[in-house]
Amino acid sequence: MDDAPLQHSLGALLWDVDGTLAETELDGHRPAFNRAFAEEGLPWHWDPPTYIQLLAISGGRERLRIFLSDQGPEPPDPALLDALVRRKQQHYTALMADGAIQLRPGVQRLITAAAAAGLTQAVVTTCGRRSAQALIERLLPEAAAAFAFLVCGDDVTALKPAPDAYLLALRQLAMPAAAVVAIEDSSNGTRAATAAGLRTLVTLSEATCREPLTVFKGAAAIVSQLGESSAPSLVRQGPACTGGLITLSYIEQLVVPS
């Protein structure tokens, strides 16, 4: 399907960041944490399997806080937690600037097509505003203006899988949930979006592609990625995808009941 003019039902796309726009978790946040640990002289190193397990905890700071709490009987030192978060953010920004993190296939194409079609787009993420802005400014400079606003982990009390961030986004959109599709990669994100009443497109990331599809309960469709001609999308659940590309016409099917 091509990106033909949309019917009236699809009004907005809400984009997750980590794992959805780019493979930031394993390629960015994980090595940034490890560099922060090394600078502080700490003995920890998060390999990919360990980090994938830790991703069950939403939000980098909360993930680190719980990890530190598990290392001993005493609560983590707030000063150490702050120092590690600060160092990690610096390393994450440097990794972004060095080109270690790239957009996932189809992201730029779909954002551009949605903007051309007049769809409202926004970001809804559990990561901090600085991390989200760093990624958008570095990897999406031409499309950054397409996002009407960002809802970040700093803006809500309860992170995904709680629906708070999506409910806040819906209030800012001032449109019904039935007109909005969330694009997510994780089970926590899917649970948050569906709890807010949104139809959800799951684009499996490197960190989530081995999970059973049952953890994405409520997803309207589950695909391997959004797709490019050189990297087609494979549909794991949902409507068939013609040509290996997730297009606006495809997403429209998720909103309009067949």
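Of the accessible area of segment 158-258, computed with a 1.4 Å probe over protein heavy atoms only, carbon and sulfur atoms account for 57 percent.
Angle of helix 78-97 to the longest C-alpha principal axis of the chain, folded into 0 to 90 degrees and rounded to 10: 50°. A simple spin-label model places the labels of GLU62 and VAL235 3.4 nm from each other, with each point 7 Å out along Cα-to-Cβ. Ligands, DNA and RNA are left out, and with a 1.4 angstrom probe the accessible area of segment 5-62 is 41 Å² per residue. Helical content alone sets the calculated 222 nm signal of the chain at -11000 deg cm²/dmol, taking -39,500 (n - 2.57) per DSSP H segment of four or more residues and averaging over every residue. When each of the peptides 184-195, 222-233 is scored by how many other beta carbons lie within 10 Å of its residues on average, the order from highest to lowest is 184-195, 222-233.
For the set CYS209, CYS152, the ranking by accessible area, highest first and with no ligand, DNA or RNA atoms included, is CYS209, CYS152 under a 1.4 Å probe. Probing with 1.4 Å while keeping every protein chain in the model, the per residue accessible area of segment 202-247 equals 48 Å².
The values are calculated or read from the model by the stated rules, or taken from the named source; none is laboratory data. As the structure is a computational prediction, the values presented were derived from the model and not from experiment. Note that we place each Cβ from the backbone using ideal geometry, even for glycine, and neighbour counts take in every protein chain shown. For accessibility, only protein heavy atoms count, side chains too; no ligands or nucleic acids. Shrake-Rupley method; radii C 1.70, N 1.55, O 1.52, S 1.80 Å.
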